[in-house]
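First up is the structure itself, then whatever we jot down about it.
The values are calculated or read from the model by the stated rules, or taken from the named source; none is laboratory data. None of the values given here were measured: they were computed from a predicted structure. Note: ideal-geometry Cβ built from the backbone for every residue, glycine included; neighbour counts use all protein chains shown.
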Amino acid sequence: MDIYYFFKSRVDFVRQFYDTASTPYVERKRLINSQEGQFVPPYSEDGEPAFLDEWTEADESLHVLAYSCISMLASALHLYLESWVRQSRVPINATTRKVAFKNGWLGGYGAHFFDNFQIDFTASPANVQLLEEVILARNSIAHPSSITTHRAQYSNSDFKKLRSPFFVSETEFALFADIDGDKSWMIPATVHVSEEQLSTAISEIENFAEWFEKTIISATSIR
């Protein structure tokens, strides 16, 4: 089976899904910001921004869409690595499952492929730390902490793994940047996924898979 073909198909779907589904929300925000079309503000003296609810709904929709794409990316990477475990015909042993996977499945697969094929994930040209962050973000998205918001938040345990989170807004990052130690994240940070951040995550996952594909084929002679 051509594992990379199916992996790439999934990633390409994520890319086009976001591009297509985000268009109406991006356009609505643009029209409101530029006061065009049906979003020309009526005369008012109350000081409340016109069409604030419509703008907020569009912005929240973009975040939920990006969250869905991050979740699909994490699933694509997991399926890709698990498929290679099966295709290589070298199962993950019980000790690796118990120990290496304890702190995350990416590290667990890394231990498996290093022990059996001498493939070191850290030798990849991709940002492996960012791949870990995609997985952590997906976990936060899948297990929201509050019913009051659509936005996911990082947990305290996440910040033990992340010194400088990628999926955080510039505003929140700047708010805590000058504070040392654990105090820097006393307020749970929101998982923020912009179009640019999503694009970067997609590129890094693709870079990793391209490198891994060549490396595992060379190590196993499986095609």
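Any chance you could count how many residues in region 35-62 are of a type in the set (Asp, Glu) and closer than 29 Å to VAL191 by Cα?
Narrowing region 35-62 to residues of a type in the set (Asp, Glu): 36, 45-46, 48, 53-54, 57, 59-60.
From what is left, the residues that are closer than 29 Å to VAL191 by Cα are 48, 53-54, 57, 59-60.
Number satisfying all stated conditions: 6.
Could we say that ALA94 is modelled with pLDDT under 95 and either over 30 Å from PHE113 (Cβ atoms) or not aromatic (Phe, Trp, Tyr) (or both) here? Considered against the rule, which asks whether it is modelled with pLDDT under 95 and either over 30 Å from PHE113 (Cβ atoms) or not aromatic (Phe, Trp, Tyr) (or both), ALA94 comes out as yes.
Is it the case that region 41-59 has a residue that's over 31 Å from the mean Cα position of the chain (by Cα), more than 30 Å from ALA76 (Cα to Cα) and among the hydroxyl-bearing types (Ser, Thr, Tyr)? Steps first, please.
Within region 41-59, the first condition is being over 31 Å from the mean Cα position of the chain (by Cα), and the residues that meet it are 41-50.
Then drop every residue that is not more than 30 Å from ALA76 (Cα to Cα), which leaves 41-50.
From what is left, the residues that are among the hydroxyl-bearing types (Ser, Thr, Tyr) are 43-44.
There is at least one residue in region 41-59 that is over 31 Å from the mean Cα position of the chain (by Cα), more than 30 Å from ALA76 (Cα to Cα) and among the hydroxyl-bearing types (Ser, Thr, Tyr).
Just to be sure before I move on: is GLU60 acidic (Asp, Glu), surrounded by fewer than 16 Cβ atoms within 10 Å (Cβ to Cβ) and without any contact (Cβ under 8 Å) to a residue 40 or more places away in the chain in the structure I sent? Answer is no for this residue.
Has region 13-20 got at least one residue that is hydroxyl-bearing (Ser, Thr, Tyr), in contact with a Phe, Trp or Tyr (Cβ under 6 Å, 6 or more places away or on another chain), in a helix (DSSP H, G or I) and surrounded by 12 or more Cβ atoms within 10 Å (Cβ to Cβ)? Let's see the steps before the verdict.
The first filter runs over region 13-20 and keeps only residues hydroxyl-bearing (Ser, Thr, Tyr), leaving 18, 20.
Next, only the ones that are in contact with a Phe, Trp or Tyr (Cβ under 6 Å, 6 or more places away or on another chain) stay: none.
There is no residue in region 13-20 that is hydroxyl-bearing (Ser, Thr, Tyr), in contact with a Phe, Trp or Tyr (Cβ under 6 Å, 6 or more places away or on another chain), in a helix (DSSP H, G or I) and surrounded by 12 or more Cβ atoms within 10 Å (Cβ to Cβ).
The rows are residues; the columns are (1) surrounded by 11 or more Cβ atoms within 10 Å (Cβ to Cβ); (2) at pLDDT 90 or above.
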position: ASP115; (1), (2): yes, yes
position: SER124; (1), (2): yes, yes
position: GLU133; (1), (2): yes, yes
position: LEU136; (1), (2): yes, yes
position: ALA142; (1), (2): yes, no
position: ARG151; (1), (2): yes, no
position: SER157; (1), (2): no, no
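With the condition kept exactly as written, say whether any residue in region 167-179 is at pLDDT 75 or above, touching a His at 6+ places or on another chain (Cβ under 7 Å) and of a type outside the set (A, V, I, L, M). Yes, region 167-179 has at least one match.
All of ILE119, ILE147 fail the test of being of a type in the set (A, V, I, L, M) and out of contact with any helix residue (DSSP H, G or I) (no Cβ under 9 Å at 6 or more places or on another chain), apart from ILE147.
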